[in-house]
Amino acid sequence: MKKLLFLILLISGSVSIANAQVDYCKDIKKKFDEMKNNTTFVSPSISRLVDMTIEKDIGDGTGRPIFYIGFKLTKENAAYDYRNVYVKFDDGTIITYVQDIDCSYLNTEDHYLFLGGKVLHAADLEILKTKKIVKFQMADKDIVIPDDFGTKFKAWVNCMVDTK
């Protein structure tokens, strides 16, 4: 009887530990554009005005997937000459993505929107799969990434790389 009770407790403990693991892959949204016959996977957003996303575009499925990291923020002042996005990881490493940054006027409340990003290569993906982003800087504005979002973002990169 004691062995049976011990076995039941052991199994129930294993089940609760297994349930505690989080499947971040289910957060990724799959979008299909019927007109273009194009499928894209997109990670969730941080917020409406500050964002960092990862996308995987598989097109019609016949070619190689294209991965893209995108950044978004707002500022009170316009600036049209910024080109770099700086990304800092939890180990202190900083990577510079050189890409044109778009600036456009939104409204009197949100001011100017800055958008930047980069098509990712295999080396970029390896870094993003193993390191957590803690901050990015674009248009001379630092954006601290919440710890839980950084953890999820790293998991989403792994999910997208593994998704066929």
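Each value in this text was obtained by applying a stated rule to the coordinates, not by laboratory testing. A quick note: this is a predicted structure, and the numbers were derived from the prediction, not measured. In this analysis, Cβ positions are derived from the backbone assuming ideal geometry, glycine residues included, and neighbour counts consider all displayed protein chains.
The figures follow:
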| read-out | value |
| --- | --- |
| Helix runs (DSSP H) in the chain reaching 24 Å along axis by Cα, Kyte-Doolittle at least -0.5 | 2-20 |
| Filtered trypsin sites (Lys or Arg not before Pro), segment 40-124: DSSP coil and at most 10 other beta carbons within 10 Å | 48 |
| Of every Cα-Cα pair in the chain, the percent that sits beyond 27 Å | 37 |
| Residue 30/residue 77 FRET efficiency (R0 30 Å; Cβ-Cβ; nearest 0.05) | 0.20 |
| Cysteines not pairable in the chain (beta carbon separation under 4.7 Å absent) | 103 |
| Helical mean residue ellipticity (222 nm; -39500 (n - 2.57) per DSSP H run of 4+; nearest 500) of the chain | -8500 deg cm²/dmol |
| Ranking of 145, 54, 94, 127 by count of other Cβ atoms within 10 Å, fewest first | 94, 127, 145, 54 |
| Size of charge dipole - segment 32-152 - debye, nearest 20, with Cβ of Lys, Arg +1 and Asp, Glu -1, no other charges | 280 |
| Hydrodynamic radius of segment 62-148 per Kirkwood, over alpha carbon pairs, in Å | 14.0 |
| Cα centroid of segment 146-164 to Cα centroid of segment 101-115, whole Å | 27 |
| Taking 45, 104 and counting other C-beta atoms within 10 Å, the order from fewest to most | 104, 45 |
| GluC sites (Glu not before Pro) within segment 63-161: DSSP coil, no more than 13 neighbouring Cβ in 10 Å | 76, 109 |
| Per-residue Cβ neighbour rank within 10 angstrom, fewest leading, 159, 103, 25 | 25, 103, 159 |
